[in-house]
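To keep things clear, I will list the structure first and then write my remarks on it.
The values are calculated or read from the model by the stated rules, or taken from the named source; none is laboratory data. Everything quoted here is computed from the prediction, not taken from an experiment. Glycine also receives a Cβ, built like all others from the backbone with ideal geometry; neighbour counts cover every protein chain displayed. The area values use the complete protein model at the heavy-atom level, side chains included, leaving out ligands, DNA and RNA. Shrake-Rupley method; radii C 1.70, N 1.55, O 1.52, S 1.80 Å.
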Amino acid sequence: MAEPVILCRGLWKIYGSEPAKFLARHDSNPSPEQFEQSGHIGAVQDVNLDVQPGEILVIMGLSGSGKSTIVRCLSRLIEPTHGQVIFQGTDLLKATEKEMIEIRRHKMGMVFQNFALLPHRTVIDNVAFPLEVQGVDRAQRHERALEIIELVGLKGREKYYPRELSGGQQQRVGIARSLAVEPDVWFLDEPFSALDPLIRREMQDEFLRLQNLLHKTIIFITHDFDETVRLADRIAIMYEGRIVQLGTAEELVTKPATDYVRAFTRDIPKAKLLTVASVMGPANGARGDGPAVTDDQRIGDVAGLVIGQDKPVTVVNGSGNVVGSLTRQQVVDALFADRS
Amino acid sequence: MTGTAGPALSTAGPQSVWFRLRWPLVAALGVVFLILFRGTLPDWAITPPELWTTNLPLPFLIFSDAFFPALTIKGSSVADWFNGIVSVLREHEIFGLFTFRDVTRGIAGLIVWPLNFSEDLLISGFSDWEIPPIPWVVTTALAGILGWYLRGWGLGLLASSCIAYCAVFGKWELAMTTLSLVLVTAPIAILIGLVLGILALKWRQFERALWPILNLMQSLPHFGYLIPIVVFVGLGHKAGAIATILFALPPMAKITILGLRGVAEEVLEAGVMAGCTRRQMLWRVRIPAARPTLMVGVNQVIMQCLAMVVISAFIGARGLGIDLLFRLQTLQLGRALESGIAIVLMAIALDRLSQALSEKEPVHRQDGPFWSVHPYLTAAGLAAAAGILLAYLVPEAGQLPREMTVTLAPQWDLIIRGVVSALYEPLSFIREYLPPYVLIPIRTFFEQLPWTVFLGAAGLCGWVLGGWRLAALVGTYIGFIVLSGWWTEAMVTTYLVFVAVVICTIFGFPVGVWASRRDRRTRVVAFLCDTFQTFPSFIYLIPVVMLFQVGTISQIMAIVVYASIPVIRYTYVGLRAVPHSMVEAAVSSGCTPSQILWKVRMPLAFPEIMLGVNQTIMFGLFMVMIAGFIGGNFDLAREIFKAKAQNDAGLGLLLALCVAFLGLTADRLISAWASRRKAQLGLA
């Protein structure tokens, strides 16, 4: 595995009258009762996380679960109470204000839920803003801004003001702005939550298209599980300030770590998520002359075939070897389990 | 009464009439006891004895003896104490070089430069270079183009006609003098307000110290600024400018603080993530993002400036104000009305233009030739060129000669006489019955109200509403008035404002309720309130003097006319702001419209309406001082005019503080009640 871009160890963010003392007093692991008694609130509790280069890590949780606080701790928009955030080898929590400004100027980009555009600036000046504060001259920053504006599909709107654009267009500006400095890591804080469902879908496609071109390291915050499944390489599920499980979507569905995760993943369309490999039984004998499926196909894609057969269907891997078998009953269980 | 009260009281629960009326009942009982047992109180508890107010062991005396033995202060009242400070500031030389007054006069000297410049530009021309002033046709056209640019041709037409009125009716010089005072003072007040706001944002401590000072400044009546200014700057035009700046800057400072703090968290985070330094955050993110709020402040400052510029006539500021003051003093009502209309038109134009400026949203431009990218600039340039050329060919387009101006004063006089004689009979009712049956009993009550009772009642209210802190605060305010030596005068002022506020409420509350019932009515009343509120308070003396001559009734009526606006506005705004879901719930429960009004809207809106009454009291206290000019009561206004005549700065400031503390007492108590009630209703 490559060196993680962001490594976060034992991260705490506590709100209250004396957060640091409170944490130290309870050996860096206060119980929920202790939180309640002292009036402190643990927004982020003992979070450990590693973000691999080029992956999309989605942090998912309901409102108040601490997901937005985590992403703000990683960029030090919020000062964490305790812990370590190692970004490309440097400990961010030990960086001076000046060093943080440099890091944010060159290595981080962020997209916000409500776009956070500057209302008095045109599209091009909003996109060029991060370059402007670095002192890049006007011609150069406008040239770069135009490139990105074209990339996000807003060519021709450079001179518009944010209020003259639709929500989806405004968020395209937000995305363009966050990419202006070619950041190494890209934070997206519920970027599509404020948009209509149809636009949201379109923007998700747009986002995947951009990621195919750019291969950024991404931390994506959302409360929408469908969105998570569509976009994520890996998923961290948060509950009351803690990450309760970190893994691929399939892992969350097949091996939920807690009842909370199970309840959360219950209603997701498994047909598109589960692979044959995670459902199949052991191989029974050599390959027959009936139809066969490969182990990396999705259940939804083979369900029709398998259910139409009386006998178990042979499962083969990429190189054609038999690795298992799939019965009608297994498919039905996988698709409809937990529904009764 | 006891016969019927007995059985009713026995069933008194939280819902009974007696329970709901418990506080008014307590107050009524208090008044009854007061009337019965006032005689048993010792004299010192009724009026503050002179022994107290003139023999105060004031800290300043000790201070001045120790540090400034040269300054001997005769007497030892609060006024002496204030005058002591004033004379130290006036005469004590810092480092033996200059006095505080030299500093203030120096600063005031600086303002002469921009003032002269703008007056040269608008009225008299630059004689050194033989450049004539801007022709009136150009000023008129530019005002129109500005309005056109900011909102559309309608506003352009309005702005143009307001300016043109001043030219055509021979008020050009006066109006332009007033305008140039506003144009110089407003930017300075805005700048100082901005700087104070930014400093407050930077240092919490500074904000904590600044906020109460701003509150006090906002409750000081106009004369509280004028009299000290006379001492430290002198009489005249520039003194008026300085007073105006001081008077107009508190709202800007407050709005700056609120605006800069109110920028959306995400926008600030976007700034930080872009890698802004602290300085960049302030100048490139916070201030631009707060622009809409800051512009509301700009509008307020401009209107405050205009109001104060007019009143500054009392200390010798030139312009429309002094003309109006002179016409009123000599009872040339037609001429006064003509000047008043000029002031009103200027107020409307300035208000609408600055409001349009604050509401103007940026619009993108398409590329093209200069005139199509910047049509307004082009139009302004063309209009200026054409106007200057015209003025060169036809001198009347440059400066309208006096014989070509029009006056409608004789016609106005005729109309006024007609209106007055038509209303004389109907209004004689007020003149005859109001004083003996209403005014004099109330005045007697307030005059004879023992200060101990007033202090006790206010303190008790404070304690009930906000604990000992509020009680102590209110107690300090009233204690100050007691020790100031002007208790009786303060009570006369209280009586005038009390009567006026009661009339305002009786009149304004139903109007507000009426206006809230239909969208159309709300629009009409909102328009009227907006318009009347922009008028400088001084204007309201004209119709009042017309109808009631001078005297107590005039003074009260002036307050009523001016101070009714907030109670009307807060009533309809409060009633309409009730959440729609609650009204729908009431409708679906089968409420009739009047049940919705009285059982749903009214209880929820009541705290807001009380805030309107609070504003009315503050407006009333401002107006009672200005209308003291026509009143003739033995109140604080009369004393403050006397202090002004004698250039007694210490006394002037002391009297102004008494007014401010009366206002702050009411303000703190009502605000505390309203916020508590809102919290109970879950509205806060």
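At q = 0.11, 0.13, 0.25 Å⁻¹, what log₁₀ I(q)/I(0) does region B:566-639 have when each alpha carbon counts as one equal point scatterer in the Debye sum?
Reported log10 I(q)/I(0), two decimals: -0.44, -0.53, -1.01.
With the dipole of chain B worked out from charges on the C-beta (+1 for Lys and Arg, -1 for Asp and Glu) around the Cα centre, which of B:Val373, B:Leu324, B:Leu181 lies farthest toward the positive end?
B:Val373
P(r) for chain B: what percent of alpha-carbon pairs falls in each 10 Å bin, starting at zero?
The calculated distribution, bin by bin, is 3, 12, 22, 25, 20, 12, 5, 1, 0, 0.
Going Cα to Cα from B:Lys171, which lysines come in below 24 Å? Please leave out same-chain ones fewer than 8 positions away.
Here the lysines satisfying the reach criterion relative to B:Lys171 are B:Lys238.
How many Å³ per residue does the convex hull of the Cα positions in region B:188-237 occupy?
Numbers: hull volume 4.7 nm³, N = 50.
For region B:188-237, the hull spanned by Cα atoms encloses 93 Å³ per residue.
Charges at C-beta only: +1 for Lys and Arg, -1 for Asp and Glu. How large is the resulting dipole of the protein assembly as shown about its Cα centre, in Debye rounded to 20? Walk me through the intermediate numbers first.
Details: 86 positive and 82 negative charges, 305 e Å.
Dipole about the Cα centre, nearest 20: 1460 debye.
Which value at 222 nm does chain A reach when only helices count, each DSSP H run of 4 or more adding -39,500 (n - 2.57), with the total divided by all residues and rounded to the nearest 500 deg cm²/dmol? Write out the running numbers ahead of the final one.
On the way: 14 runs with 132 residues, N = 340.
Using -39500 (n - 2.57) per qualifying helix, the result is -11000 deg cm²/dmol.
For chain B, what relative contact order do you get, as a whole percent, if you take Cα pairs closer than 8 Å and at least 6 residues apart? Show your work: numbers first, answer last.
Values: 881 pairs, mean separation 116.9, N = 684.
In percent, rounded to a whole number, it is 17.
Would you tell me the mean number of C-beta atoms belonging to other protein chains that fall within 10 Å of each C-beta in A:313-321, as a whole number? Mind dumping the intermediate values first?
Numbers: counts 0, 0, 0, 0, 0, 0, 0, 0, 0.
Counting other chains' Cβ atoms within 10 Å and averaging over A:313-321 gives 0.
Put +1 on the Cβ of every Lys and Arg and -1 on every Asp and Glu Cβ in the protein assembly as shown; which of B:Phe429, B:Gly197, A:Ala334 then has its Cα farthest towards the positive end of the dipole?
Towards the positive end, the residue furthest out is B:Phe429.
Quick one: dipole size for chain B, taken about the Cα centre, charges +1 on Lys/Arg Cβ and -1 on Asp/Glu Cβ, in debye to the nearest 20.
Details: 47 positive and 37 negative charges, 384 e Å.
Dipole of chain B, to the nearest 20 debye: 1840 debye.
Mind checking which aspartates and glutamates have their Cα closer than 13 Å to the Cα of B:Lys254? Skip sequence neighbours fewer than 8 apart in that chain.
Leaving aside aspartates and glutamates fewer than 8 places away in the same chain, those within reach of B:Lys254 are B:Glu207.
Under the definition of partner shielding as Cβ atoms of other protein chains within 10 Å of a residue Cβ, what is the mean value for peptide B:274-287?
Details: counts 18, 15, 8, 5, 2, 0, 5, 1, 0, 0, 6, 4, 0, 1.
Averaged over the peptide's residues, the number is 5.
Size of region A:271-336 along its principal axes in angstrom, Cα-based, largest extent first?
29, 24, 17
Per residue of A:113-124, what is the mean number of Cβ atoms on other protein chains within 10 angstrom of that residue's Cβ? The partial results should precede the final answer.
Working: counts 1, 4, 4, 11, 4, 8, 8, 8, 4, 3, 1, 0.
That works out to 5 on average.
With +1 on each Lys and Arg Cβ and -1 on each Asp and Glu Cβ, how big is the dipole of chain A about its Cα centre, in debye rounded to the nearest 20?
Working: 39 positive and 45 negative charges, 74 e Å.
Dipole of chain A, to the nearest 20 debye: 360 debye.
Could you give the length gained on full extension between B:Ala264 and B:Ile35, defined as 0.36 nm per residue of separation minus the Cα-Cα distance, in nm?
On the way: separation 229, 0.36 × 229 = 82.44 nm, distance 5.68 nm.
The B:Ala264-B:Ile35 span can extend by a further 76.8 nm.
If region B:113-406 were replaced by its equivalent ellipsoid, with semi-axes equal to the square roots of 5 times the Cα gyration tensor eigenvalues, what would those be, largest first, whole Å?
Numbers: eigenvalues 245, 157, 48 Å².
Output for region B:113-406: semi-axes of 35, 28, 15 Å.
Evaluate 2.2 N^0.38 Å with N set to the residue count of the protein assembly as shown, then give the Cα radius of gyration divided by it.
Numbers: Rg = 36.8 Å, N = 1024, 2.2 N^0.38 = 30.6 Å.
Against the empirical 2.2 N^0.38 Å value, I get 1.20 for the protein assembly as shown.
What does the convex hull of the alpha-carbon atoms of region B:429-680 project to on average, in nm²?
Details: hull surface 61.0 nm².
With the hull built on Cα positions only, its mean projection is 15.3 nm².
What is region A:151-310's relative contact order, in percent, from Cα pairs under 8 angstrom and six or more apart in sequence?
The normalised contact order for region A:151-310 reaches 13 percent.
What number does region A:173-321 give for Rg over Rh if you use C-alpha atoms and the Kirkwood radius?
Working: Rg = 19.2 Å, Rh = 18.1 Å.
Value, to two decimals: 1.06.
In square angstrom, rounded to the nearest 10, how much accessible surface does B:Leu146 have for a 1.4 Å probe?
80
Let me check against my output: what whole-number percent is the relative contact order of region B:113-406, with C-alpha pairs under 8 Å and at least 6 apart?
Working: 375 pairs, mean separation 78.3, N = 294.
So the answer I get is 27 percent.
What aspartates and glutamates does A:Lys155 reach when the alpha-carbon gap must be under 17 Å and sequence neighbours fewer than 8 apart in one chain are set aside?
Leaving aside aspartates and glutamates fewer than 8 places away in the same chain, those within reach of A:Lys155 are A:Asp125, A:Glu143, A:Glu147, A:Glu164, A:Glu206, B:Asp367.
Summing -39500 (n - 2.57) over the DSSP H runs of n ≥ 4 in chain B and dividing by its residue number, what mean residue ellipticity at 222 nm do you reach, to the nearest 500 deg cm²/dmol?
Values: 31 runs with 509 residues, N = 684.
Estimated from H runs of four or more residues: -25000 deg cm²/dmol.
Tell me which of B:Ile626, A:Gly64, B:Gly144 sits at the most positive position along the dipole axis of the protein assembly as shown, charges placed on C-beta atoms (Lys, Arg +1; Asp, Glu -1).
B:Ile626
Rg to Rh ratio, chain A, alpha-carbon atoms and Kirkwood radius? Show your work: numbers first, answer last.
Numbers: Rg = 23.5 Å, Rh = 22.5 Å.
Result: Rg/Rh = 1.04.
Please list the equivalent ellipsoid semi-axes of region B:235-343, computed as the square roots of five times the alpha-carbon gyration tensor eigenvalues, in descending order and whole angstrom.
They are 43, 13, 8 Å, listed largest first.
For a 25 Å ceiling on Cα separation, which of these pairs sit above it: A:Lys21/A:Lys98; A:Lys21/A:Lys94; A:Lys67/A:Lys216; A:Lys159/B:Lys360; A:Lys13/A:Lys94; A:Lys13/A:Lys216?
On the way: A:Lys21/A:Lys98 27 Å; A:Lys21/A:Lys94 19 Å; A:Lys67/A:Lys216 20 Å; A:Lys159/B:Lys360 17 Å; A:Lys13/A:Lys94 16 Å; A:Lys13/A:Lys216 27 Å.
Over 25 Å Cα-Cα: A:Lys21/A:Lys98; A:Lys13/A:Lys216.
Thinking of region B:306-358 as a set of Cα atoms, what percent of all their pairs are more than 19 Å apart?
Numbers: 429 of 1378 pairs.
Value for region B:306-358: 31 percent of Cα pairs lie more than 19 Å apart.
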